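The values are calculated or read from the model by the stated rules, or taken from the named source; none is laboratory data. Model, not experiment: these values are computed from the prediction. Because the Cβ atoms are built from the backbone with ideal geometry, glycine has one as well, and the counts that use them run over all protein chains shown.
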Amino acid sequence: MKNTIFFLDYTNINRGASDLNCEIDYEHLKNYMAYGRNLIDAYCYVPLDPRNEHKYDRDIKALQQAGYLVTTKLGKYAGETYKCNFDVEMTIDIMRMAHLIKPNIIVLASGDIDFVPLISELRKMGIRVEVAAFHNTISQELILNSSGYINLNQYLEEMSNENENQEQELPNTTVEPTTEPVQQSENENSTNQSVNDIPTEQLETLVNEMQNNGHEEMTIPNFETFILVKNGTQTATTKNENDIVTELMINGEEYFICQKAN
């Protein structure tokens, strides 16, 4: 079996999945890359938002439990957002492992064109370098310079088909309810609504609509007790801490989800 090391550019891959409104099981992804090979180790690189350093604590813990050695780096402010470039750290680690471990294969999950010189150097050392990324996040030059390309769009499609097949094979053990469900009034539904129930893709669609129409705030459909407000706007300045339920980054900009005034 070929000795293999897996390196994951978390931001690049996570952004690609987010653009497709998909979530990745990173433990499954690691095992997928290691199939039929001897996986020596898996490394993951996660940038930290300087405005909220603990935002990805849960994600980092999940990655560690999935078997990744996680490296973090605090980003730097860049206007209303932040930047965090991991190219140098990843290149140093990959070259170090290439010299110390001398693996047969290195799988690099990233579509960043800046890794082209690194890939060329590794191949000159006799190491097979495979890049894994989504079509919307990878440079064609990266594909051409690598030993092989793992299409993550195809990976997600395979996983979806696999899950559908598993569901079809499960016996139908669902028991039909014998009583009619209790209907809640609109007020009761509103009271039970939670920001955690709002789909990410719905928020992203709403942000696009706000940007296209120049709106500073919009009511969230199906969650009418909440409104989405863009930070830094005149509307945002009228909100106090009690109004704001949570803060989040969408498409590189900061937004508030606020309780709608009665």
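Leu74 - would you say it is of a type outside the set (S, T, N, Q) and surrounded by fewer than 15 Cβ atoms within 10 Å (Cβ to Cβ)? For Leu74, the condition - of a type outside the set (S, T, N, Q) and surrounded by fewer than 15 Cβ atoms within 10 Å (Cβ to Cβ) - is met.
Tell me, which residue of the range 44-65 that is at pLDDT 85 or above and touching a strand residue (DSSP E or B) at 6+ places or on another chain (Cβ under 8 Å) is surrounded by the fewest Cβ atoms within 10 Å (Cβ to Cβ)? Taking the candidates together, the pick is Gln64.
Considering only residues in the range 149-178 that are under 17 Å from Ala109 (Cβ atoms) and either at pLDDT below 70 or of a type in the set (S, T, N, Q) (or both), the one that is surrounded by the fewest Cβ atoms within 10 Å (Cβ to Cβ) turns out to be Gln154.
Counting only residues that are of a type outside the set (A, V, I, L, M), part of a helix (DSSP H, G or I) and touching a strand residue (DSSP E or B) at 6+ places or on another chain (Cβ under 9 Å), the range 211-239 holds 2 of them.
The single condition among (1) at pLDDT 75 or above; (2) assigned to a strand (DSSP E or B); (3) in contact with a helix residue (DSSP H, G or I) (Cβ under 8 Å, 6 or more places away or on another chain) that Glu254 does not meet is (3). Just so you know, in the range 217-246 the residues that are loosely packed, with under 14 Cβ neighbours inside 10 Å and of a type in the set (D, E, K, R) include one that is modelled with the highest pLDDT, and it is Glu224. Under the condition of being surrounded by 18 or more Cβ atoms within 10 Å (Cβ to Cβ) and within 19 Å of Ala34 (Cα to Cα), the residues counted in the range 123-148 number 8. Just one of (1) under 21 Å from Asn3 (Cα atoms); (2) in contact with a Phe, Trp or Tyr (Cβ under 7 Å, 6 or more places away or on another chain); (3) part of a strand (DSSP E or B) fails for Pro47. It is (1).
No other residue among Leu142, Leu122, Leu108 is touching a helix residue (DSSP H, G or I) at 6+ places or on another chain (Cβ under 8 Å), in the same structural domain as Met33 (by TED's automatic domain parsing) and outside any helix (DSSP H, G or I) apart from Leu108. The set of residues in the range 8-30 being touching a strand residue (DSSP E or B) at 6+ places or on another chain (Cβ under 8 Å) and in a helix (DSSP H, G or I) consists of Tyr10, Thr11, Asn12, Ile13, Gly16, Tyr26, Leu29, Lys30.
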